[in-house]
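In what follows, a structure is listed as structure tokens, so that the remarks can point back to it.
The values are calculated or read from the model by the stated rules, or taken from the named source; none is laboratory data. Please read all numbers here as calculations on a predicted model, not as lab measurements. Here Cβ is always computed from backbone atoms with ideal geometry, including for glycine, and neighbour counts include all displayed protein chains. We work out accessible area using only protein heavy atoms, side chains counted, and drop any ligands, DNA or RNA first. Shrake-Rupley method; radii C 1.70, N 1.55, O 1.52, S 1.80 Å.
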Amino acid sequence: MNIPILPQGFSLDMADVIRILEHVFVVGFLLILLLFAVQKVQQVRLLNRFLNTTFAPVWAITTWVFLLAIIMLGVWYALVYIL
Amino acid sequence: MTEHSANPLTSLAIAPEKTSMEVQEKGETIEILIRRHRVTNVPWIAGAVIAAIVPLVVFSDFGHAYLGLTDILDLFSDTAILATVAIWYLFIAFFALQHALEWFFNVLIVTNERFVDLDVRWPFYRFVAEAHFSQVQDVSFRQGGFAANIFDFGGIFVQTAGREQNIELTKAPNPAMVHDKITDLVQDFHRKSRTKHH
């Protein structure tokens, strides 16, 4: 595939374009999820403070597990391409 | 109201145990805590279950044979497909968590002095309305519709004086009983304040 903005000597075939789109897709959605998870952790902290019940630790742990799952997926995805 | 509700996931708790509010005053006790009826969670739970089944169908023999996605999936690397499936399930988890939180924290709290209405909406919205019993003009409930009659849920509406915020909770369980208990509490409060003044 000839792309005029690429430096001379570089070329992209369809497989390269698909690899780039894959990275944009996965990293983009992981960032959106990360944003949502951070917001949930903070929201639950505020809501638990407003209404304190025996279920408060469950919400806190659930949101932290959700956040950690996203971080671990991101780390795994990065390691697969780095190593 | 001597019975205490210990279950934190109930939709109607009378004098709930180990429950407190940030805005609770000294000597103020939570008498009733009301959430939407538990059956109102069925649509989002069903949605999450259906969404969770989608990848299983897509990557099954049926999916390969009839959905015609094999050629498209062959274009992408196994890592990207695995990551996409994981992201899909994380979005389902987020969807479920959001709805569970909305159900749990959208509460109408009735203390021995006032109403506190907490509203939580996706994604960042939080709204708190309060009305003291002395401001209350009318407490009513409304029940209508097929599901509302079968599962016995309805709206509780508290009308307050002047331009004060009106308090309401839709799809509350057993609205007739809740209405009765709320009016008892309001009457008790007025009786006590009259006695205090005499």
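Of all residues in the stretch B:8-58, those satisfying the criterion of being of a type in the set (Asp, Glu) and exposed (fewer than 14 other Cβ atoms within 10 Å of the Cβ) are B:GLU17, B:GLU22, B:GLU25. Against the test of being out of contact with any strand residue (DSSP E or B) (no Cβ under 9 Å at 6 or more places or on another chain), at pLDDT 95 or above, open to solvent by less than 60 Å² (accessible area, probe 1.4 Å) and not aromatic (Phe, Trp, Tyr), the options A:LEU31, A:LEU73, A:LEU68 yield a single qualifying residue, A:LEU73. In the stretch B:64-75, the condition of being surrounded by 20 or more Cβ atoms within 10 Å (Cβ to Cβ) and either facing another protein chain (nearest Cβ under 10 Å) or aromatic (Phe, Trp, Tyr) (or both) is met by no residue. Of all residues in the stretch A:50-83, those satisfying the criterion of being assigned to a helix (DSSP H, G or I) and more than 10 Å from chain B (Cβ to nearest Cβ) are A:PRO57, A:ALA60, A:ILE61, A:TRP64, A:LEU67, A:LEU68, A:ILE71, A:VAL75, A:ALA78, A:LEU79, A:ILE82.
Residue check, B:ILE81 against (1) under 29 Å from A:ALA37 (Cβ atoms); (2) away from chain A (no Cβ under 14 Å); (3) open to solvent by less than 60 Å² (accessible area, probe 1.4 Å), all met but one. Which one? Going through the list (1) under 29 Å from A:ALA37 (Cβ atoms); (2) away from chain A (no Cβ under 14 Å); (3) open to solvent by less than 60 Å² (accessible area, probe 1.4 Å), B:ILE81 breaks only (2). Against the criterion of being in contact (Cβ under 8 Å) with a residue 12 or more places away in the chain and either closer than 26 Å to B:ARG38 by Cβ or touching a helix residue (DSSP H, G or I) at 6+ places or on another chain (Cβ under 7 Å) (or both), B:ARG126 does not qualify. Applying the set (1) within 21 Å of B:SER20 (Cα to Cα); (2) open to solvent by 20 Å² or more (accessible area, probe 1.4 Å); (3) in a helix (DSSP H, G or I) to A:LEU47 leaves exactly one unmet item: (2).
State the number of residues belonging to the stretch B:6-34 that are more than 11 Å from every other protein chain (Cβ to nearest Cβ) and either among the polar types (S, T, N, Q) or under 16 Å from A:THR53 (Cβ atoms) (or both). Talk me through it step by step, then tell me what you get.
Residues of the stretch B:6-34 that are more than 11 Å from every other protein chain (Cβ to nearest Cβ), as a first pass: B:11-12, B:14-15, B:25-29, B:31-32, B:34.
So of that shortlist, the ones also either among the polar types (S, T, N, Q) or under 16 Å from A:THR53 (Cβ atoms) (or both) come out as B:11-12, B:14-15, B:29, B:31-32, B:34.
Final tally of qualifying residues: 8.
Among the conditions (1) of a type in the set (S, T, N, Q); (2) over 21 Å from B:ASN106 (Cβ atoms); (3) free of Cβ contacts under 8 Å to residues at least 40 places away in the same chain, B:THR29 misses just one, which is (3). Checked against the criterion of being of a type in the set (Lys, Arg), open to solvent by 40 Å² or more (accessible area, probe 1.4 Å) and closer than 25 Å to B:PRO8 by Cβ, the candidates B:ARG126, B:ARG142, B:ARG114 yield just one match: B:ARG126. Residue selection: A:VAL38 fails the criterion of being farther than 26 Å from B:ASN106 by Cβ, of a type in the set (A, V, I, L, M) and out of contact with any strand residue (DSSP E or B) (no Cβ under 6 Å at 6 or more places or on another chain). Here is a check on your reading of the model: is B:ARG121 open to solvent by 60 Å² or more (accessible area, probe 1.4 Å) and under 28 Å from A:LEU68 (Cβ atoms)? When the stated conditions are applied, B:ARG121 passes them. Scanning the stretch A:50-65 for residues that are modelled with pLDDT of 95 or more and either open to solvent by 30 Å² or more (accessible area, probe 1.4 Å) or touching a Pro at 6+ places or on another chain (Cβ under 6 Å) (or both) yields A:PRO57, A:VAL58, A:ALA60, A:ILE61, A:THR62, A:TRP64, A:VAL65.
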